[in-house]
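Trainee: After the structure tokens below, expect a handful of questions from me.
Here, each number is a calculation from the coordinates, and none is a lab measurement. All of these numbers come straight from a predicted model, not from anything done at the bench. Note that we place each Cβ from the backbone using ideal geometry, even for glycine, and neighbour counts take in every protein chain shown.
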Amino acid sequence: MSGPIKFTIENKLEGKLGRAGLLETPHGTIETPSFVAVGTKATVKAITPEMLSSLGAQVMIANTYHLFLQPGDEIVKKAGGLHDFMNWHGPMMTDSGGFQVFSLGSAYGKGISKVTKEIDPQLLLNEAPEDPDKPKIVSIDPDGVTFKSHLDGTSYYLTPEKSIEIQHNLGADIIFAFDECTSPLEPDHYQREALDRTHRWAKRSLDYHRSKENSKHQALFGIVHGGRSEKLRKESAEAIKALDFDGFGIGGSFSKVDMTTAVQWVNEILPEDKPRHLLGIGEPEDLFMGVENGVDLFDCVAPTRMARNGTIYTKTGKINMMNAQYVDDFTPIEKDCPCYTCKNYKRAYLSHLFRAKEMLAGTLATIHNLYFIINLVHSMRIAIIDGTFDDFKKAFLARYTA
RNA sequence: GCGUCGGUCGUAUAGCGGCAAUUACACGAGACUGUAAAUCUCGCGACCAUUGGUCUCCGGGGGUUCGAGUCCCUCCCGACGCA
């Protein structure tokens, strides 16, 4: 074991793919399964790194595309890397920019999200409708992707090598290969084409990475794709597995019903001794599904974005703090929750802060939501170690209404 | 007391003969899954209803007109000016 990270399994779920483990990185050890806080632009929105740490976060993930545009990876490098730049000294990851191929590309302005409730067959037939009023800001070619900056319209060309170079400058402990996240609405022939491209890019990402000194202290994860297709998913898992990455990401925009099968197909193939990260997934029921099926790491904007938009996780489901009923509700945000927000503030106060558009609203809600999700995944870990996962899952989901 | 301007959906506004009536905020609800997001969508007179329909509405009352927030008369209220 000579890579920059070390993964050891502590206990497994009987008869299933799930496991609890330890992932050692140059900036500390992550107890898995673990939820990775999203800090796209080198900040977990609304909170400081100290708050992030004290609410129980062990690891966070920033974004190549956003930091490349602003302030620029060279600036971050001069600052001494992301850890010093943003004052987060725990384990850190960076995403490659591959998701932006989707969110700024095929999903741009079309109301398509990462997880669709169901696939509308009408949309599938017509493929994605083009809006002639909206200039395309992403265009893909065999070598890379041209982005028109969403900030000022400047064109930038991102290739696998460029993405890795940027991620080397950013200096996270774990970085991702440059991939293409496709829309589930794309037809089969396109999924095929995009998958082949992602595999070529994976190889190029890895080759470039290994040719640099940074590969000694930064780990590189390859990303499995394949959309909704069993054939492509399994093929992708085999192809990425063959490439000697330090760990794996499972990517894609899913229809809710396709997610479970996709994760199972892939994790049955991926090597057991390397960590797996289910990219961009984080609703409670999905986290149970992922953990049960062998996912070690999750990241998701849901807890932080929901928090800023006034939605709070509770053990019985999400509540919208903007609703009239909370104006004079002087009970804690959530009874029995030990987080800073719940220990110190009442619903009526949070309701007031949101209505008054005070910044503290987002901060307090973020602290609670992140604690809720991070603690949920951590509890799953403990349940795996204790051998009580099924009971824990049953009890949680019985109370929780999505 | 006289004169001028003004009174429109909770508030602030648009409207100057075809209007259930503009816009913003507020209010009510919903959405959000590798962050174009402290954002976005919908609703906001009432009652039916499948597209759609019926009624009631722009300070009060009266008038002109096929048709009136919109024009005329009068009353009430407010601001300003002159007494």
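Trainee: Taking only the C-alpha atoms, wrap a convex hull around the range A:178-265 and report its volume per residue in Å³ as a whole number.
Mentor: Spelled out: Cα convex hull of the range A:178-265, divided by residues, is 80 Å³.
Trainee: Restricting to chain A, compute how many DSSP beta bridges are antiparallel as a %, nearest 5.
Mentor: Antiparallel: roughly 45 percent of the beta bridges in chain A.
Trainee: Along the range A:71-81, what does the Karplus equation 6.51 cos²θ - 1.76 cosθ + 1.60 (θ = phi - 60°) give for ³J(HN,Hα), rounded to whole Hz, x for Gly and Pro?
Mentor: x, x, 5, 5, 5, 5, 4, 4, 6, x, x
Trainee: Here's another thing I want to ask about it. Sorted from fewest to most neighbouring beta carbons within 10 Å, what does the list A:17, A:364 look like?
Mentor: Placing the least packed residue first, the sequence is A:17, A:364.
Trainee: Please list, short to long, the whole-number percent of alpha-carbon pairs of chain A in consecutive 10 angstrom bins beginning at zero.
Mentor: For chain A, the binned pair fractions read 5, 23, 33, 27, 11, 1, 0 percent.
Trainee: Ignoring everything except DSSP H segments at least 4 long, calculate the 222 nm mean residue ellipticity for chain A; use -39,500 (n - 2.57) per segment, divide by total residues, nearest 500.
Mentor: Taken over chain A, the calculation gives -12000 deg cm²/dmol.
Trainee: Further question: Based only on other Cβ atoms within 10 Å, what is the fewest-to-most ordering of A:336, A:196?
Mentor: A:336, A:196
Trainee: Still on this structure, please answer the following. Short version: ³J(HN,Hα) in whole Hz for each residue of the range A:281-288, in order, from phi by Karplus 6.51 cos²θ - 1.76 cosθ + 1.60 (θ = phi - 60°), x for Gly and Pro, what are they?
Mentor: For the range A:281-288, the Karplus-derived couplings read 10, x, 7, x, 5, 6, 5, 4 Hz, x marking Gly and Pro.
Trainee: Once the piece of chain linking residue A:54 and residue A:78 is laid out straight, how much longer is it, given 0.36 nm per residue of separation minus the C-alpha distance between them?
Mentor: Gain on extension, residue A:54 to residue A:78, equals 5.8 nm.
Trainee: So, one more: Multiply the residue gap between residue A:154 and residue A:309 by 0.36 nm, knock off their C-alpha separation, and tell me the result in nm, one decimal place.
Mentor: That pair, residue A:154 and residue A:309, stretches by 52.8 nm at full extension.
Trainee: Taking the Cα atoms only, what angle lies between the long axis of helix A:160-170 and the longest principal axis of chain A, rounded to 10 degrees?
Mentor: Computed tilt is about 40 degrees.
Trainee: Given the Cα-Cα distance of residue A:213 and residue A:87 and 0.36 nm per residue of separation, how much length would full extension add, in nm?
Mentor: 43.0 nm
Trainee: From the P(r) of the range A:305-402, could you give the percentage of C-alpha pairs in the tail past 22 Å?
Mentor: Tail fraction, whole percent: 30.
Trainee: What is the fewest-to-most order of A:10, A:50, A:165 by other Cβ atoms lying within 10 Å of their Cβ?
Mentor: Fewest-to-most Cβ neighbours within 10 Å comes out as A:50, A:10, A:165.
Trainee: Okay, next question. Rg and Dmax of the range A:1-126, Cα atoms, in Å?
Mentor: Cα only, the range A:1-126: 18.1, 51 Å (Rg, Dmax).
Trainee: Calculate the dipole size of chain A relative to its Cα centre from +1 charges on Lys and Arg beta carbons and -1 charges on Asp and Glu beta carbons; express the result in debye to the nearest 20.
Mentor: Charge dipole, chain A, about its Cα centre: 800 debye, nearest 20.
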